[in-house]
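Worksheet: the structure to be examined is printed underneath.
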Amino acid sequence: MLEVKFYRQAEDHLLKFAVILAMAGEKMVLVRHRERDTYEIPGGHREAGESIEETAARELQEETGAMAFTLKPVSVYSVIGKNRVNDTGEETYGMLFYAEITSFGRMESEIEKIEFFDQLPEALTYPEIQPILVDRVMKEKEEHVL
């Protein structure tokens, strides 16, 4: 069983991932990796020397082909428990972002395709994590925080 927690902030060095709930108009932009038959929210690992904001922008561009977009931080989050990217189960931290994409270009990544959704599909790569992250962003949007 995985546990997802949210924090106001965390020490910068703890933030290993950036995950971006991206919207194009009223549709969620999800990606499908070449090696999986499931969908996921754009995001990925932070590279050495990158700020977490730079990670989010890079991953969004690489995975969706986003050319023009706004990017806003939502919350620090953590996941406790073993999953596809964490074989120890220890608490790992990331930053959740919200993006509005206004134009797309070419994707240059391991992503096979992007698709647009009104709601999350059942076939998710991280079904125990992604719905919780999406709910957090949508709540912030409804409250006009974003």
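Every read-out reported here was derived from the displayed coordinates using simple, explicitly stated rules and does not represent laboratory data. Bear in mind the structure is a predicted one, so any value in this text is a computation, not a measurement. Cβ: placed from backbone, ideal geometry, glycine included. Neighbour counts: every protein chain shown.
Structural remarks
- When shorter helices are ignored and each DSSP H run of at least 4 residues is given -39500 (n - 2.57), the per-residue value for the chain at 222 nm works out to -5500 deg cm²/dmol.
- Taking region 3-142 as the region of interest, the number of lysine pairs whose Cα atoms are within less than 25 Å, with members eight or more places apart or on different chains, is 17.
- For residue 38, the amide hydrogen comes within under 5 Å of the amide hydrogens of 33, counting only partners 5 or more places away or on other chains and with H modelled in the peptide plane.
- In a reduced charge model with +1 at each Lys and Arg Cβ and -1 at each Asp and Glu Cβ, region 11-105 shows a dipole moment near 300 debye about its Cα centre.
- Karplus (6.51, -1.76, 1.60) ³J(HN,Hα), θ = phi - 60°, over region 137-146, in Hz, Gly and Pro reported as x: 5, 5, 4, 5, 5, 4, 7, 6, 7, 9
- Ranked list, fewest to most other Cβ atoms within 10 Å of each Cβ, for 23, 1: 1, 23
- Tensor-based shape of the chain (alpha-carbon gyration tensor, a/c under 1.5 rounded, otherwise prolate or oblate): rounded
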